[in-house]
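Report on the structure given below.
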Amino acid sequence: MDLTQILPTFGSAAWTIAAFVVALSIIVAIHEYGHYIVGRWSGIHAEVFSLGFGPVIYSRIDRRGTRWQIAALPLGGYVKFLGDANAASVGGTGGARNTMLGAPLWARALTVAAGPVSNFILSILIFAAVIMYQGRTADPLTFAATKPLPPSIEQPLQPGDRILTIAGVVVPASDDFSDIIDELPRQPMLDYAVQRDGADLTVQAPYPYPAMILGLSPVSAAYDAGLQTGDVITAIDGTPAFAFAQLIDIVAASEGRDLVLDVWRDGQTMSFTLAPRRVDLPAAEGGFETRWLLGITGGLFFDAQTQPVGFLDALTAGVKQIWFIITSSLSGLGHMVTGAISSCNLSGPVGIAQTSGAMAAQGASSFIWFVAVLSTAVGLLNLFPIPVLDGGHLVFHAYEAVTGRTPSNGALRVLMTLGIAIIGTLMVFALANDLFLCP
């Protein structure tokens, strides 16, 4: 495969790698700092805190005797505690209270669990911050500003207009305006009942959800074809398009055949030919559904006024968001194991790098949101009960709590070797997906 087919079309490989390294470094640093700080609070001395592996680029020793270092390979990191199995200071089967071997079971377990928990906390805080920054759609729905539209589409709404009904359908007091879309007639122009400066009036304005691209999925048919956020699709296979629902219906019925999209972008009209791809998506009632998709999302043709979101409400929304990621990820893995959905849903480092770069190209907000999603995924992965991962160590600690003794050195060596083999196999399979199996 040509390497240029792997890299995103928005820019160079260097940009992709840089975005990936930044995202991964933030997540790894938070994960390892969780281990470090809880270990320190628990009385376990950290000898080394390393961001990256391999040759050391920079290091310093703090007043507690911990070496903080940055290594040349930014693909992970580690904290070496006094008494770790790979530390030169290990001696016998026990140790002083400030070593990993000599610390109480509760201190060791909390130190191990702190890494994934820190990833979850980071995700919750990022989600909450983004939600607070974006705000909540004002009630009633109030027009703020129009998005760029082709000159053929007339838009008479003005800032401050309160939208009461559209085509006689009452606009709900909800962020999810899409609740009423199925009730609206599919016509290019609809009657909007609005309040303007205290007066009630009716104006004709465009269909509220035009065929406009407001979101673009990385590594999708639309992204690979060169479509961009803000593009307005004016025709599909020569048929005029004014509603995003038209695009959904045509793509769903396409069975993957090529579609020709006429697009308006910044005053210019251009055409794109692309084929929808089969994608497995979490279903509202649970499980997954397979659909043909281009990888784009739409929305209102205007920006609505917003109102502030309180910290507790935003925090609650952040918790719900990571819970959704965790449950859908576990469900997806289960469906992949049983063959219910494609194993192409498992991405490796190349796929993650592509996504990192694509989200960075879409703006800081998208990239920060992606960091939170990836942080949740890393925290979840580390809790899997596989030896060498944090979850595997927690299983060992649980065994010790129940039996009163640690697993034998022989058993640990076998289990660790097995864990390395499992992780290595998964990494090779995911990389094969990125490069060969899942174009």
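The values are calculated or read from the model by the stated rules, or taken from the named source; none is laboratory data. All values reported here derive from a predicted model rather than from experimental measurement. For neighbour counting, all protein chains shown are included, and Cβ atoms are generated from backbone atoms with ideal geometry for every residue, glycine included. Areas reflect the complete protein model, heavy atoms only, side chains present, ligands, DNA and RNA absent. Shrake-Rupley method; radii C 1.70, N 1.55, O 1.52, S 1.80 Å.
Listing for the model above:
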item: Degrees between helix 311-338 axis and first principal axis of the chain (Cα, 0 to 90, nearest 10); result: 80 degrees
item: Accessible-area order (highest first, 1.4 angstrom probe) of the listed residues Tyr58, Tyr78, Tyr133, Tyr209; result: Tyr133, Tyr58, Tyr78, Tyr209
item: Accessible area of Phe324 in the full protein assembly, 1.4 Å probe (Å², nearest 10); result: 110 Å²
item: Nitroxide proxy distance, nm - points 7 Å out along Cα→Cβ at Met270 and Arg186; result: 2.8 nm
item: Protection proxy ranking, peptides 119-125, 412-418, average beta carbon neighbours within 10 Å, highest first; result: 119-125, 412-418
item: Cβ-defined net charge surrounding Ala222, 11 Å radius [Lys, Arg +1; Asp, Glu -1]; result: -1
item: Surface accessible to a 1.4 Å probe, per residue, for the residues of region 254-411, Å²; result: 50 Å²
item: Between 0 and 90°, nearest 10: helix 349-361 axis offset from the chain longest Cα axis; result: 50 degrees
item: List His397, His335, ordered by accessible area with a 1.4 Å probe, largest first; result: His335, His397
item: Between 0 and 90°, nearest 10: helix 105-134 axis offset from the chain longest Cα axis; result: 20 degrees
item: Order of exposure, largest accessible area first, which applies to Arg40, Arg257 with probe 1.4 Å; result: Arg257, Arg40
item: Solvent accessible area, Å² - Leu281, 1.4 Å probe, full protein context; result: 50 Å²
item: Sulfur and carbon atoms: percent of accessible area, the chain [1.4 Å]; result: 62 percent
